[in-house]
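Enquirer: I am attaching a structure below and will ask some questions about it afterwards.
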Amino acid sequence: MALGSASDSFENVFIKDKHINFIIEQESNRSYEYWLSEHLRMNGLYWGVTALITMKSLNDKTLAQKDVIDYILSCWDEKSGAFGAFPKHDAHILSTLSALQILKIYNNDLSMLTSEQKAKLTKFIKGLQLPNGSFQGDSFGEVDTRFTYTAISALALLDELTPSICKSASEFVMKCYNFDGGFGLVPGSESHAAQAFVCVGALAIMEKLNLLEDVKVSSWLSERQVLPSGGFNGRPEKLPDVCYSWWVLSTLSILQKKHWVDLSKLETFILSCQDYEKGGISDRPDNQTDIYHTCFGICGLSLIDYEKYGFEEIDPVYCMPTRVTKKFTKWKNTNQEQTK
Ligand SMILES: [Zn+2]
């Protein structure tokens, strides 16, 4: 629990060292809950690595590189040719992207993988695309724009995106675009902020942002800011939640409309969700912290003002430091120009 009512004196203080401890403990504390969350383990590792590197605190004292890479390689599913969330789990596109993002942070050439593994990964991901351009998460058939972003981002990390994949994938993404300016999970489903990120992010990677009515999309996104708290919600009438600081602000950043929202109120909201006693960030003030909201709260602060916090600048498209992404992407982050 945060020291909610006593937090006035801490207001606007970012407790970096406590967050680092919180993240390290997540990885070393093998509690019952830890084992229950096996299916999220690879994502959890990505959230921890991303939070640490954004705070410029990823090193062998916080999270040993060898342990991280050994863990990822132990999750390789030879049968499918991709990564599962946990050793011996079936491969899935979500854990595969997280694995590739982490490996890419350590080595742009992905030299920890053999050329045979890279070829298998490409085959696995391309094999998830359906004739209508959408992507499944695995061979069990669930379709969702999340998987489009995940597959497109993973192919970009492998340098395996082709014009024909981009053409059909972007056509599917545009079928999920709604009249209100938002995007849904599948064509015709309700607009949701996380879907705006995955759709706009995928279009950015594929260099297809010209398909968008960016003013309409940005208007829907800026309406996500809830006053007086300043936090963002995922849909109209819902409570604000720290993770939307990332989903909404990254998308506005991609569209170069970050200045359409009150960044200082959003910053205060994120800081108010810190647990001042134990570290970590929760979805809303005084709620239980977790690694997911800690990562996206920190990434949100990086988008707001990375220099002020002494952070890495984060790439709104890939959710990785721009120092890493500029080695492989043509996408240019215009983060700074929007605030200064
Ligand atoms: Zn959330």
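The values are calculated or read from the model by the stated rules, or taken from the named source; none is laboratory data. It should be emphasised that the depicted structure is a prediction, and the values quoted were computed from it without experimental measurement. Cβ coordinates were reconstructed from backbone atoms using ideal geometry, including for glycine residues, and neighbour counts include every protein chain displayed. Side chains included, ligands, DNA and RNA excluded: accessible areas come from the protein's heavy atoms. Shrake-Rupley method; radii C 1.70, N 1.55, O 1.52, S 1.80 Å.
Enquirer: Going by Cα centres, the range 181-230 and the range 248-285 are how many Å apart?
Expert: Comparing the Cα centres of the range 181-230 and the range 248-285, I get a distance of 17 Å.
Enquirer: Taking θ = phi - 60°, what integer Hz values does the Karplus form 6.51 cos²θ - 1.76 cosθ + 1.60 yield along the range 265-280, in sequence order, with x for Gly and Pro?
Expert: 5, 5, 4, 4, 5, 4, 4, 6, 9, 6, 8, 6, 8, 10, x, x
Enquirer: The range 70-88 to the range 90-151: how many Å between their Cα centroids?
Expert: Between the Cα centre of the range 70-88 and that of the range 90-151, the gap is 12 Å.
Enquirer: Of H89, G230, F172, which is farthest along the charge dipole of the chain in the positive direction, counting Lys and Arg as +1 and Asp and Glu as -1 at C-beta?
Expert: Highest projection toward the positive end goes to F172.
Enquirer: Any lysines with Cα under 17 Å of the K16 Cα? List them, leaving off those in the same chain fewer than 8 positions away.
Expert: K56, K61, K278, K308
Enquirer: Additional query: Give me the one-decimal nm value for the distance between modelled label points at H89 and S139, 7 Å along each residue's Cα-to-Cβ direction.
Expert: 1.8
Enquirer: While we're here: Can you work out ³J(HN,Hα) from phi for every residue in the range 91-97, in order, using Karplus 6.51 cos²θ - 1.76 cosθ + 1.60 and θ = phi - 60°, giving whole Hz and x for Gly and Pro?
Expert: Listing the rounded values in order: 5, 9, 5, 5, 6, 5, 5 Hz.
Enquirer: Can you check what the net charge comes to around M112, using other residues whose Cβ is under 14 Å from the Cβ of M112 (Lys, Arg +1; Asp, Glu -1)?
Expert: Neighbour charge sum, excluding M112 itself: -1.
Enquirer: Can you tell me the dipole magnitude for the chain around its Cα centre, using point charges on the Cβ only (Lys, Arg +1; Asp, Glu -1), in Debye to the nearest 20?
Expert: The calculated dipole for the chain is roughly 840 debye.
Enquirer: Below 13 angstrom from the Cβ of R284, what's the summed charge of the other residues (Lys, Arg +1; Asp, Glu -1)?
Expert: Once all neighbours under 13 Å are counted, the net charge is -4.
Enquirer: Roll a 1.4 Å probe over the protein chains and send me the accessible area per residue for the chain in Å². Before the final figure, lay out each step's value.
Expert: On the way: 14650 Å² over 340 residues.
Ligands and nucleic acids excluded, the figure is 43 Å² per residue.
Enquirer: Which value, in debye to the nearest 20, describes the size of the charge dipole of the range 53-190 about its Cα centre when Lys and Arg Cβ atoms bear +1, Asp and Glu Cβ atoms bear -1, and nothing else is charged?
Expert: About 220 debye.
Enquirer: Can you give the local net charge around A156? Use residues other than it whose beta-carbon is closer than 11 angstrom to its beta-carbon, Lys and Arg +1, Asp and Glu -1.
Expert: Summing Lys and Arg as +1 and Asp and Glu as -1 gives -1.
Enquirer: HN-Hα J couplings of the range 167-174 from phi, Karplus 6.51/-1.76/1.60, θ = phi - 60°, integer Hz, Gly and Pro as x?
Expert: Once θ is set to phi - 60°, the couplings for the range 167-174 become 4, 6, 5, 6, 5, 5, 4, 5 Hz.
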